[in-house]
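The values are calculated or read from the model by the stated rules, or taken from the named source; none is laboratory data. This one's a predicted model, so the numbers in the text were calculated from it and none came from an experiment. Every residue, glycine as well, gets a Cβ built from its backbone with ideal geometry; the counts of neighbours run over all protein chains shown. Ligands, DNA and RNA are excluded from the accessible area calculation, which covers all protein heavy atoms including side chains. Shrake-Rupley method; radii C 1.70, N 1.55, O 1.52, S 1.80 Å.
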Amino acid sequence: MSSQDRPVSTFKSKIKSSLPYTLAVAVIGFVALWIRTRPYDSVFLSNGFVRFGGNDPWYHMRTLNVLIENYPQRMFFNPMTNYPYGSYIHFGPLFDQMIAITTLILGMGNPSPELVNGVGAYFPAVLGAITVIPVYYIGKSLGSRKTGILAAILIAFAPGQFLSRSVIGFTDHHVAETLFSTFFMMYFMLAVISAKKKGLRFEHVINKELNTLKEPLICSVMAGVMYSAYQLAWPGASLFLFVILVYILFQYILNNFRNESSDYLGITGIVTFLISAILILPFVHPEMGFSMYYYSWFHVVTPLGTVVGFMTLSFIEREREKRKIQAYYYPLIIFGIIILGLLLAKIVVPPLYSLVIGAPEAIFGIKTGGASTIGEASSIFYYGGVFTLSRAFDNFTATGFLASVLGMLLLAVNLVRKPKPEEVLVLVWSLLMLLAIYGQNRFAYYYSVNVAVLSAFVGGLLLEKVKWSQLNEKFKSNVKSLADIPGFLKFVKIEQVIAVLIIVVVLILPVYGSAMEMTKGTGGPNGPWIEATTWLQSYTPDLGMDYNAIYEAPEAGELFDYPDTAYGIMSWWDYGHWIETIGHRIPNANPFQAGIGGRRGSIDEENKPGSSTFFTAQSEEEATAVLEAVDPDPDKAGARYIISDVEMATGKFYAMTAWTLDSEGYYQSYWTGSGYQSLPSTRYFNSMESRLHILDGNGLKQYRLVHETWAYQTQEVGYKQVYNYLFGGSIPEADTGYVKIFEYVKGAKITGTVSPNETVNINTTILTGQGRTFDYSQSTTSDSEGRYEFTVPYSTEGPISGETQFDTAPAGAYVVSYGNTTTEVRVSEEAVLKGEEVKVKV
């Protein structure tokens, strides 16, 4: 064979040997896609509605539709949320752009809403399935091809946060984060391995030795591209930059103590992050300064700073070797430079210094106060303040989590031998991701990759112990057709069979079972919320704004100029994106924790106006003061409508109090005959949330129920029983509308004259759109001249054009009574909306 034919023959040999594994990865990917699309019926409902999961996927569909309608312009400021301020969009552009380009191509430039929703729903499942590819190569690089295959299988079935965020309908950027961060780690690992293997030195760069440089540089460039893609999927991608910084510090120090050159690290790192800094530059918004949450100079400075870090570490290493300085001085010099760098940053660029110092606490620290009630931001190891492994086991399975810990221990043991750079990288990466889920359980979608790789590493070591590689060679040499398999079985040893069974039973079956259980259905708004927000869009006044237009952000220090017809919707922050995307209305609070109000630091702080302070207000007057304070304009209220659901009145009520840092006294221990129970107290029933949802707004002067959905069997009945039994109430003990929409109005002023200091009552029966009735009543005492006044929120004459088309109203007139006298009073909608006086005729 000629020398010219030899590379071709080698290439064909590699292709032939890799083909079975490539096909295996492809099959695993399709299985992963099948698992993620199992809950199809939970997303594509029979009435044609597409129910996306969770909260943020709805916001992505909102920004996606704006992008498609205005392509290629993208919305950066959104006035359709966080009324009356609006919000800058911190979501990365890449995820939306990928879906937009796909739909524009499939729709030939004019995709239908059905196509947009369909592609949007399937996209996370596809990205989740693709993740098996980088996981395979990381596993292969850490161990062998069988390790890679096992890692791919485990990530395909991985339950918990990774599966829930890559299932059909969960159209959120988190799956893109996992995909691109894993691709980044894969290419960076391959670059380091290749550079180390080739003995890459800076002299190779100076002498332009392309044969030596080609493979490491290609991998480094791809690592830079993938880190940029990761940054454009999530502005907080510096989390993995931190992983690399910790790794290189450790690896450089380790190499110096072992008298090994670290040039291979320097070259790969410099190329990787120089590429990243260049690619992210066009997406920077200079007006954002050094914000970590929006695309700012922070996202350019940090990779450039990392480039400088690689250069500095390599320079100091070479100088140490040149001057023959003892190795233990190297880490001392490095840490000294880091401290000086931080001090310099504090003086020259204080915002950057604050970000760098505060970032570890923001990611790895356990949240307190209201932030601790955010499900995804709570620690995976603490529940109710008590340490537990149950949530870790739920996310990764017990055996998967324990196998990952075992894998890290084995990698740590290798450090005292002759550690490979890829092993050190995986160990540092895994430890920091473990620390990340200690701070926020949402990062379990990252750690799932580590669990898959580490578990596969342990499984691969087990197979090596039973000489699986030898069995594999015998298979290749003895099996040429299916007829040869019976003869091959004589080579199989009992310990090899047991090893495979252990891997299947301990590692694969648990994750498969959990995955199948998790994909029986999806989350997202339930039927009542879909109905309520759809009603909101159809039966409330138009905002006078172009819903899908791109609006300019206000100048610094100024508010967005809303039209007089615009208004806010007060609800708990969980529901903000549903209100915006399904209801086409502007929520005051949203899942970005904007508009919540309350306190952040201590009980001594001012209780800022927002949803938490509104719903926990202890009187109508206090709640109205909060509502009016939400909008800095003294002539406008912060919201026109209030939406409550039964969860806000029961299970989620504690979260509202937690954001105010004043959660005591809403529930108290009462003796019930069978022991003490924590039950809602007077303070709870005085709260605006209870007044609205549990008591239907009875007696409120400026808040009226305009719509309710159907009821579910919930805790509402129990709360009403407590109210009747302990506090002398007489309300029907029945479940009512799961979601209730109230309107804030000026209220009509019903006035009249009776004897001085006489008790006057007013009441009517309210009939809801669900056919339910409840009593509305007030009571007052006339003044010394016999005058009295009631402010009432309900119109007896029905809705008027251009205003709320309510389906809940009095079944008849108001009845004013005093002594033995009763008088019927009818109130127009105009009087309610304008606060007009209605005189009672005697």
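Structure notes:
- Longest to shortest principal axis, alpha-carbon extents of segment 508-624, angstrom: 57, 42, 33
- Segment 774-837: C-alpha pair distances exceeding 15 Å, %: 58
- For residue 692, neighbours were defined as the other residues whose beta-carbon sits under 12 Å from its Cβ, and their charges (Lys and Arg +1, Asp and Glu -1) total -3.
- Sorted from greatest to least, the principal axis extents spanned by the alpha carbons of segment 138-241 come out as 52, 34, 18 Å.
- Per-residue HN-Hα couplings for segment 148-153 [Karplus 6.51, -1.76, 1.60; θ = phi - 60°; Hz; x = Gly/Pro]: x, 5, 5, 4, 5, 4
- Whole-percent carbon and sulfur share, accessible surface of the chain, 1.4 Å: 59
- Dipole check for the chain: with +1 at the C-beta of Lys and Arg, -1 at the C-beta of Asp and Glu, and the Cα centre as origin, the magnitude is about 5660 Debye.
- Rg to Rh, two decimals, where segment 679-793 supplies the alpha carbon set and Rh follows Kirkwood: 1.02
- Sum of side-chain charges, residue 156 neighbourhood, beta-carbon under 14 Å (Lys, Arg +1; Asp, Glu -1): +2
- Probing with 1.4 Å while keeping every protein chain in the model, the per residue accessible area of the chain equals 43 Å².
- Couplings 3J(HN,Hα) for segment 416-427, derived from phi with the Karplus relation 6.51 cos²θ - 1.76 cosθ + 1.60 (θ = phi - 60°), are 7, 9, 10, x, 8, x, 5, 5, 5, 4, 5, 5 Hz, where x marks Gly and Pro.
- Amide H partners (placed H, <5 Å) of residue 78, local residues excluded: 87, 88, 89
- Spin-label proximity, residue 371 to segment 579-597 - amide N less than 16 Å from point 7 Å beyond Cα toward beta carbon: 592-597
- Calculated mean residue ellipticity at 222 nm for the chain: -16000 deg cm²/dmol, from DSSP H runs with n ≥ 4 weighted as -39500 (n - 2.57), summed, divided by the residue count and rounded to 500.
- Among the listed options (i) 231; (ii) 248; (iii) 216, the one matching volume of the Cα convex hull per residue in Å³ as calculated from these coordinates is (iii).
- Segment 435-490 and segment 818-838 have Cα centres separated by 78 Å.
- Over 25 Å (Cα to Cα) - which of 652/749; 198/322; 740/839 fall in this group: 652/749; 740/839
- Per-peptide average of other Cβ atoms within 10 Å, ordering 343-350, 547-554 highest first: 547-554, 343-350
- A convex hull fitted to the Cα coordinates of segment 273-351 yields 94 cubic angstrom per residue.
- Alpha-carbon centroids, segment 118-172 and segment 628-689: separation in whole Å: 41
- Alpha-carbon centroid distance for the pair segment 193-214 / segment 750-777, whole angstrom: 87
- Solvent-accessible surface ranking, highest first, for 287, 422 at 1.4 angstrom: 287, 422
- If the segment from residue 546 to residue 773 were pulled out straight at 0.36 nm per residue, it would be longer than the present Cα-Cα gap by 77.9 nm.
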